[in-house]
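A quick write-up on the structure given underneath.
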Amino acid sequence: MLSKNNKITKVDDRLKHIAFIMDGNGRWAKKRLLPRQVGHKYGAKAFKDIVKYCFELGIKTVTTYAFSTENWSRPQAEIDSIIQLLRDYNTEIIEDGHARIIYIGDKSNLPNDLATVMIEGEEKTKDRDFLLNIAFNYGGRSEIVNAFNKLIKEGKDSITEEDISNSLYTSGVPDPDLIIRTAGEYRLSNFLLWQCAYSELYFTNVLWPDFGRKQLDAAIKDFYNRDRRYGGLNKNEEKK
Ligand code: FPP
């Protein structure tokens, strides 16, 4: 829905779930001759405001890629800074009372008490409506492998698409309608590989810390101009 000044005010049921690949924090910092950690700090700030905005618009689920299984190869100081931002955000979410948080990814072998902190966040927010999935130590392929292994353990000798969907970290959550990646990269980088089958993809050159409400409005308007056919025909063609 658009307001008089052409701003998005609410979304409808076509847009239940948006996922973000928050790319470009490092480049944003580099442009300002700042350490990469500062880029992540401003990236986290941008994300928090985008989450609030999504929920104001009526988007029920937001997923973000905070840390991939490959990101452990980054310098330790950078890893530590991302983990600290995540810990702080976990506390904020618990205290502010709006969103339910779910961490998608492998929680085994995480440093210090991070897994305990995550589980506490999930537990304390579990009765809330808006869902915030944070992908941490996440890889799409390994998520699918884990799902298959779970099904094998359950003794299944043939499996359906539904079985796989129900065995992923995102079990029970509708697939993302829209996946947004910033910073001019045109790939999914092992994010939500199963769930993205019919997602609309939106790419922008804006670096993540500069991605704000105006940029999200532009992405949502673009989404509403897409013709989602799921392999079928569009409505006008069906009538012919
Ligand atoms: C990609 O940019 C970003 C990351 C790998 C980390 C994203 C993490 C945060 C924004 C902070 C923690 C998250 C939350 C939800 C509070 P990049 O570093 O690869 O950028 P570059 O490609 O420009 O180097």
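Residues checked against (1) more than 26 Å from Lys60 (Cβ to Cβ); (2) touching a helix residue (DSSP H, G or I) at 6+ places or on another chain (Cβ under 7 Å); (3) touching a residue at least 60 places away in the same chain (Cβ under 8 Å); (4) part of a loop (DSSP other than H, G, I, E, B):
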{"residue": "Glu162", "(1), (2), (3), (4)": "no, no, no, no"}
{"residue": "Ser165", "(1), (2), (3), (4)": "no, no, no, no"}
{"residue": "Gly172", "(1), (2), (3), (4)": "no, no, no, yes"}
{"residue": "Tyr198", "(1), (2), (3), (4)": "no, no, no, yes"}
{"residue": "Tyr230", "(1), (2), (3), (4)": "no, no, no, yes"}
{"residue": "Leu233", "(1), (2), (3), (4)": "yes, no, no, yes"}
Exercise for review: Quickly run through segment 51-80 and pick out the residues that are more than 26 Å from Ala219 (Cα to Cα) and near the ligand (Cβ under 8 Å from one of its atoms).
Suggested key: Asn71, Arg74, Glu78
Check your understanding: Within the set of pairs 6+ apart or on separate chains, which have a first residue in segment 66-83 that is without any contact (Cβ under 8 Å) to a residue 40 or more places away in the chain, a second that is among the aliphatic types (A, V, I, L, M) and within 8 Å of the ligand (Cβ to nearest atom), and C-beta atoms under 7 Å apart?
Key -> none
Exercise for review: Please find, among Gly97, Gly184, the residue that is under 29 Å from Phe223 (Cα atoms) and surrounded by fewer than 20 Cβ atoms within 10 Å (Cβ to Cβ).
Suggested key: Gly184
Revision key, fill the gap. When restricted to Lys30, Lys41, Lys48, the only residue within 12 Å of the ligand (Cβ to nearest atom), assigned to a helix (DSSP H, G or I) and without any contact (Cβ under 8 Å) to a residue 40 or more places away in the chain is Lys30
Review point. Taking the stated definitions as given, is Asp88 free of Cβ contacts under 8 Å to residues at least 60 places away in the same chain, more than 9 Å from the ligand (Cβ to nearest atom) and within 25 Å of Ala115 (Cβ to Cβ)?
Key: no
Review point. From the list Asp49, Asp23, which one is surrounded by 18 or more Cβ atoms within 10 Å (Cβ to Cβ) and not aliphatic (A, V, I, L, M)?
Key: Asp23
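Read-outs throughout are calculated quantities, based only on the coordinates presented, and are distinct from any laboratory measurement. All values reported here derive from a predicted model rather than from experimental measurement. A quick note on method: Cβ atoms are made from the backbone with ideal geometry, for glycine too, and the neighbour counts reach across all protein chains shown.
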